[in-house]
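The values are calculated or read from the model by the stated rules, or taken from the named source; none is laboratory data. What you see is a predicted model, and the numbers here were worked out from it, not measured in a lab. Cβ sites come from the backbone with ideal geometry, for glycine too, and all protein chains shown count toward neighbours. Just the protein is used for accessible areas: all its heavy atoms, side chains included, with ligands, DNA and RNA removed. Shrake-Rupley method; radii C 1.70, N 1.55, O 1.52, S 1.80 Å.
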Amino acid sequence: MTDNKNINLIPGENEQYKPVKADITCAKCGKKSTLTLRACVNVSLHPEEKQQVLDGSFFVYTCPDCGEKMNVVYPLLYDDMAKALMIYLLPDQTEEALSKLNSQQKTWSEDMLKAAKVCTMRVVRSINELAEKIKIYDAGLDDRFVELSKAFVFAQFLKQTPGCQVVQVLYERQEEKDGLVIFSKEGKQYWVEFPEGLYDEVVRMFEDKVKKSADTEYELIDAGWSMKILADINKA
Ligand SMILES: [Zn+2]
């Protein structure tokens, strides 16, 4: 990762992320409201918002009439300039939205393209995945190697926990240890620690094989991505 200190990461005129208006109907009392949703959260300028994104409160809307709380999840760019990390939350039809997003690059200013070259650019599907990416980079890890480590740890978990129907697997650091939180369909939660040295071993094994695609594109780095990498290796 290149040092980004000398590069202006503030989007130019064309990339001003304008707030969008959205209508919402309260699920409890039916009250209709119009919300102003911000398209970008810049945690370098507003560090207090990082915690709100992590705990999900950033996305909670409270009905002014009845006090009902609702999650409002919409396309949002999470921008951490200090970490050169840009994560786009694209909750609906993520793959299509991702190709659309990448095809818009031609409209980016030179400054934005320069910034993008030194940034880690990711796309995620959900608030949980967004929080996960933030935690991975807070821990000083690379999400590509975390996804590959996950594949190994998760396969081991399934062997030891036969019949468990898993709905989500997320990286989590607990008591200074890297591991996974595994959520089962029945609402159970498991925490599985990464075996000692696994992550470093994965880095060694895959460093050369993990190709970086076009420098300025957003990428979806998830379980599907790691399965493709592992399948390519088995073919070779
Ligand atoms: Zn209400």
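Evaluation of SER33 against the conditions (1) of a type outside the set (A, V, I, L, M, F, W, C); (2) within 16 Å of the ligand (Cβ to nearest atom); (3) under 30 Å from GLU110 (Cα atoms) shows that the sole unmet condition is (3). The conditions of being touching a residue at least 24 places away in the same chain (Cβ under 8 Å) and closer than 24 Å to LEU220 by Cα are not met by LEU35. Of everything listed in (1) modelled with pLDDT of 95 or more; (2) open to solvent by less than 70 Å² (accessible area, probe 1.4 Å), the single unmet condition for LYS185 is (2).
Here ALA84 meets each of (1) touching a Cys at 6+ places or on another chain (Cβ under 6 Å); (2) within 16 Å of the ligand (Cβ to nearest atom) with one exception, condition (2). Taking the stretch 8-114 as the region of interest, the strands (runs of 3 or more DSSP E) fully inside it that hold 2 or more residues being polar (S, T, N, Q) and surrounded by fewer than 17 Cβ atoms within 10 Å (Cβ to Cβ) are 32-37.
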